[in-house]
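These notes are about the structure you will find just below.
The values are calculated or read from the model by the stated rules, or taken from the named source; none is laboratory data. Because the structure is predicted, anything quoted here is derived from the model rather than measured. Here the Cβ is made from the backbone with ideal geometry for all residues, glycine too, and neighbour counts use every protein chain on show.
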Amino acid sequence: MSDGQQNDPEVGSGAGGGRRHFLKTLGLGAAAAGAVAAAPAPAWGGRTLKDAFADLFRKHYKEMSPDEVEAALRRIERRAEARLGVGIDCSNTPPLEGVVFGYAINVSVCRGYRDCVSGCVKENNLGRDSQVQYIRVLEMEQGTLDLEQADHYYDPATVPVEGKYYLPVQCMQCDDPPCVKACPVEATWMEPDGVVVVDYDWCIGCRYCMTACPYWARHFNWTEPQIPAEEVNSNTHYLGNRPRPRGVVEKCHFCLQRTRVGREPACVEACPTGARVFGNLLDPDSEIRWILANKTVFRLKEDLGTEPKFWYYTD
Amino acid sequence: MIRFLFDAVRTVLQGPREYWLWLLFLAAVIAYGVANYVQQLTTGLVVTGMSDQVSWGFYISNFAFLVGIAAAAVLLVIPAYIFNRRDVKEVVLVGEGIAVAAVIMAMLFVVVDLGRPERFWHMIPGPGRFNFPLSLLAWDVVVLSGYLLLNLGIPFYILYSKYRGGEPSLRLYFPFVVLAIFWAISIHTVTAFLFSANPARPYWHTALLGPRFIASAFVSGPGLIILTLQVIRRVTSYRIEQSVIDLLALIMTFALQINLFFVVAELFTDFYNEGSHSVSIRYLFFGIEGFASLRPWIWTALGMNLVAVTILTIHPLRRNLVTLNIACVLACVGIWIEKGMGLVIPGFIPTPLGEVFEYTPTRTELGVSAAIWALGFMIFTLLAKLVIAVEQGKVTHAR
């Protein structure tokens with residue numbers, strides 16, 4: 001925390017005293033003070049007026065100078081502490097050189113346990129009450145790929161069921177992503193490592209990207225996402241798993257906070273059957289490249305031309 | 001100029017008791033809606049019936065309908081300015097007033113749908129990042145705001161000229177009229193493309209969507225204008241010639257016939273060889289897996305449009321004001337359902353992953369929507385009051 005003085009009095013209390021203190025430090029006039037005092041406390045989510053202002057009038061991620069990014073990261077940390085009661089560490093690790101991430105799932109091995117789902121929820125600070133999940137595992141009828149026949153709400157305690165197979169679906173990190181085209185404010189884009197990311201502080205919440213996505217991979221925060229303090233993952237990334245505000249869209253980002261420092265995504269680690277393979281598509285010696293070269297693979301809805309970087313294969 | 005604005009304000013502030021009661025009623029509805037919107041702002045869009053499955057609902061449905069109403073003003077603009085029909089020219093400013101109110105309503109329906117309305121400025125090029133020309137939503141922002149400016153600018157110039165006791169110079173405003181005509185078609189085409197641009201949603205992903213939007217707009221638009229003109233005829237001394245209503249009724253008849261033909265074309269293509277692209281339309285008309293909440297809506301709309309087209313096609317019934325009005329109301333409501341609950345919502349059902357999850361608007365959504373409609377009516381009432389006063393020469397520079 002670089003700015004402890006700005007941070008402390010406003011947190012949680014919402015008391016008028018704290019706000020007055022800030023107005024004094026900001027040197028605002030009496031008229032402004034009157035207007036501010038009349039506003040209800042949650043208007044800036046328990047943050048300082050200065051932080052709220054800085055958040056409101058911040059620049060687009062790609063237009064921020066390194067200093068401005070740094071300031072934004074610290075604001076995110078303060079905001080998270082005020083809201084969740086836990087200190088987090090928000091980084092901005094850049095994409096690795098010569099890396100484009102890809103993913104493959106072995107459908108003949110997946111048993112539908114949904115451990116990937118719970119691993120993802122914990123790792124990525126997904127709202128517990130809002131029940132947003134980046135991964136949806138479909139229980140499919142053996143002998144068809146017809147999604148209309150899939151069961152989305154099967155009981156994981158009874159899997160695997162005879163006559164069924166399991167098809168996990170998440171963001172395909174399309175190479176020609178229709179969601180990126182759809183966004184009217186460029187709040188979502190593809191990073192050089194091939195991951196489609198969202199700037200949660202730039203998204204206006206129009207949800208046109210959700211309409212454009214053929215994989216139902218985008219989710220909206222209909223309410224303030226709640227995470228119990230003891231379950232918050234404090235290792236976060238600006239474009240990744242940092243706590244999201246209400247009213248914006250989020251999606252799977254291949255666990256940027258892990259994968260950009262050489263670790264596997266949480267879903268790969270959580271999978272008990274080894275069905276999930278993650279790696280660098282540009283590395284000819286990677287496991288994922290071996291699978292693409294030696295296995296029968298398919299992609300979901302390939303005919304839509306979005307070029308998913310996400311394959312399924314069988315043994 | 002300042003005196004004109006001053007006189008304009010004075011004109012709309014003067015009126016009989018009924019006028020004030022009407023405005024008061026609208027203000028009450030707006031206040032109720034604002035209270036609902038405050039609740040939505042402070043709690044989040046969770047207070048609506050929308051979900052990750054059906055992520056657009058009643059708001060965007062109304063938006064799609066209202067863009068059509070706005071575009072339909074062109075049906076008065078063309079005969080008035082291009083064919084120079086005197087009878088139409090007398091009411092063309094009323095039509096443009098409807099367009100202004102409709103565009104503002106359409107824009108507000110998008111704004112209330114935003115999760116982060118305070119970040120709206122992110123769309124302004126310069127301080128924000130405007131994804132133009134890639135995003136169809138960006139296109140919609142451009143065409144709608146342009147259309148609003150055109151429909152404010154042209155009537156303002158004409159009214160101001162008349163206020164000063166002169167005649168507006170045709171050579172000066174004609175280029176803008178031509179631009180406004182193309183622009184009107186573009187706003188509804190772009191709005192249709194906003195939906196049809198998505199292969200992820202097979203129900204919308206058809207080249208017929210643009211033509212269907214235009215055809216249905218040329219039904220609901222004239223229908224609403226016909227009803228409005230009769231109200232003006234009743235509550236003011238302003239003369240509205242029957243020939244204008246006859247013209248609009250005829251356009252509406254053709255448009256509704258074409259629109260129903262489009263519906264048939266769509267039903268045939270989807271059901272003759274039924275595949276995965278037909279699931280939404282099956283859900284809409286017949287229901288799937290026991291879910292069928294939209295079924296009564298679409299059959300009602302279809303029934304209304306069929307009765308309306310029958311009335312309109314039979315000449316004596318179309319020329320009779322009572323039956324014509326019935327047809328107008330039926331067609332307007334029918335198109336409103338067809339384009340809203342019948343077009344926007346089923347596009348999301350089932351989801352791209354095949355999940356069937358239904359949607360019903362909540363009381364909050366209905367309240368906010370009612371307020372936007374009331375505001376639209378209020379804007380139109382005030383504009384119409386001014387237009388009629390100036391046209392009748394009651395507000396002039398001389399006084």
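Where in the stretch A:192-307 are there helices (runs of 4 or more DSSP H), lying wholly inside it, with at least 2 residues that are polar (S, T, N, Q) and at pLDDT 95 or above?
A:256-259
Please return the ranges of helices (runs of 4 or more DSSP H) entirely within the stretch B:278-386 where 2 or more residues are in contact (Cβ under 8 Å) with a residue 12 or more places away in the chain, within 22 Å of the chain's Cα centre (by Cα) and more than 19 Å from residue B:228 (Cβ to Cβ).
B:295-313, B:321-339
What are the residues in the stretch A:56-72 that are closer than 18 Å to residue A:203 by Cβ and surrounded by fewer than 13 Cβ atoms within 10 Å (Cβ to Cβ), if any? So that I can check it myself, show each step before the final result.
Step one: list which residues in the stretch A:56-72 are closer than 18 Å to residue A:203 by Cβ, which gives A:56-64, A:69, A:72.
Within the stretch A:56-72, A:56, A:57, A:62, A:63 qualify.
Against the condition surrounded by fewer than 22 Cβ atoms within 10 Å (Cβ to Cβ), under 15 Å from residue A:106 (Cβ atoms) and of a type in the set (Lys, Arg), how does residue A:263 come out, does it pass?
When the stated conditions are applied, residue A:263 does not pass them.
Does residue A:192 fit the bill of being within 14 Å of chain B (Cβ to nearest Cβ), under 27 Å from residue A:77 (Cβ atoms) and surrounded by fewer than 23 Cβ atoms within 10 Å (Cβ to Cβ)?
Judged against the criteria, residue A:192 is not a match.
Report yes if some residue within the stretch B:225-232 is of a type in the set (A, V, I, L, M, F, W, C), more than 20 Å from residue B:102 (Cα to Cα), out of contact with any Gly (no Cβ under 6 Å at 6 or more places or on another chain) and in contact (Cβ under 8 Å) with a residue 24 or more places away in the chain; otherwise report no. Lay out the reasoning, then the answer.
Filtering the stretch B:225-232 for residues of a type in the set (A, V, I, L, M, F, W, C) gives B:225-227, B:229, B:231-232.
Adding the requirement that they be more than 20 Å from residue B:102 (Cα to Cα) leaves none.
So far as the stretch B:225-232 goes, no, none of its residues is of a type in the set (A, V, I, L, M, F, W, C), more than 20 Å from residue B:102 (Cα to Cα), out of contact with any Gly (no Cβ under 6 Å at 6 or more places or on another chain) and in contact (Cβ under 8 Å) with a residue 24 or more places away in the chain.
Just to be sure, is residue A:109 surrounded by fewer than 19 Cβ atoms within 10 Å (Cβ to Cβ), aliphatic (A, V, I, L, M), away from every other protein chain (no Cβ under 14 Å) and out of contact with any Pro (no Cβ under 9 Å at 6 or more places or on another chain)?
When the stated conditions are applied, residue A:109 passes them.
Out of (1) surrounded by fewer than 23 Cβ atoms within 10 Å (Cβ to Cβ); (2) small (Gly, Ala, Ser); (3) at the interface with chain B (Cβ under 9 Å from one of its Cβ atoms), the odd one out for residue A:187 is which?
Result: residue A:187 passes all but (1).
Within the set of pairs 6+ apart or on separate chains, which have a first residue in the stretch B:2-22 that is touching a residue at least 40 places away in the same chain (Cβ under 8 Å), a second that is part of a helix (DSSP H, G or I), and C-beta atoms under 6 Å apart?
Note: pairs meeting the criteria are B:4/B:160; B:4/B:163; B:8/B:386; B:11/B:386; B:11/B:389; B:12/B:382; B:12/B:385; B:12/B:386.
Have a look at B:234, B:239 and point out the one that is surrounded by fewer than 16 Cβ atoms within 10 Å (Cβ to Cβ) and within 14 Å of residue B:321 (Cβ to Cβ).
B:234
Scanning the stretch B:28-48 for residues that are of a type outside the set (A, V, I, L, M, F, W, C) and under 18 Å from residue B:110 (Cβ atoms), which turns out farthest from the other protein chains (Cβ to nearest Cβ)?
Going through the qualifying residues, I end up with B:33.
Which number in (1) surrounded by fewer than 15 Cβ atoms within 10 Å (Cβ to Cβ); (2) on the phi < 0 side of the Ramachandran plot marks the one condition that residue B:162 misses?
All conditions are met except number (1).
If you check A:79, A:83, A:114, A:75, which single one turns out to be under 30 Å from residue A:162 (Cβ atoms), basic (Lys, Arg) and surrounded by 19 or more Cβ atoms within 10 Å (Cβ to Cβ)?
Of the residues listed, the single one that is under 30 Å from residue A:162 (Cβ atoms), basic (Lys, Arg) and surrounded by 19 or more Cβ atoms within 10 Å (Cβ to Cβ) is A:114.
Scan the stretch A:289-315 for residues that are within 13 Å of chain B (Cβ to nearest Cβ) and either farther than 19 Å from residue A:190 by Cβ or free of Cβ contacts under 8 Å to residues at least 12 places away in the same chain (or both) and jot them down.
Within the stretch A:289-315, A:302, A:303 meet the criteria.
Go through the stretch A:133-162 and give me each residue that's among the acidic types (Asp, Glu), without any contact (Cβ under 8 Å) to a residue 12 or more places away in the chain and more than 10 Å from chain B (Cβ to nearest Cβ).
A:155, A:162 - these are the residues of the stretch A:133-162 that are among the acidic types (Asp, Glu), without any contact (Cβ under 8 Å) to a residue 12 or more places away in the chain and more than 10 Å from chain B (Cβ to nearest Cβ).
Look at the stretch B:235-277 and say how many of its residues are without any contact (Cβ under 8 Å) to a residue 24 or more places away in the chain and charged (D, E, K, R).
Residues meeting the conditions: 2.
Tell me, which residue of the stretch A:163-184 that is facing another protein chain (nearest Cβ under 10 Å) and part of a loop (DSSP other than H, G, I, E, B) is surrounded by the most Cβ atoms within 10 Å (Cβ to Cβ)?
A:183
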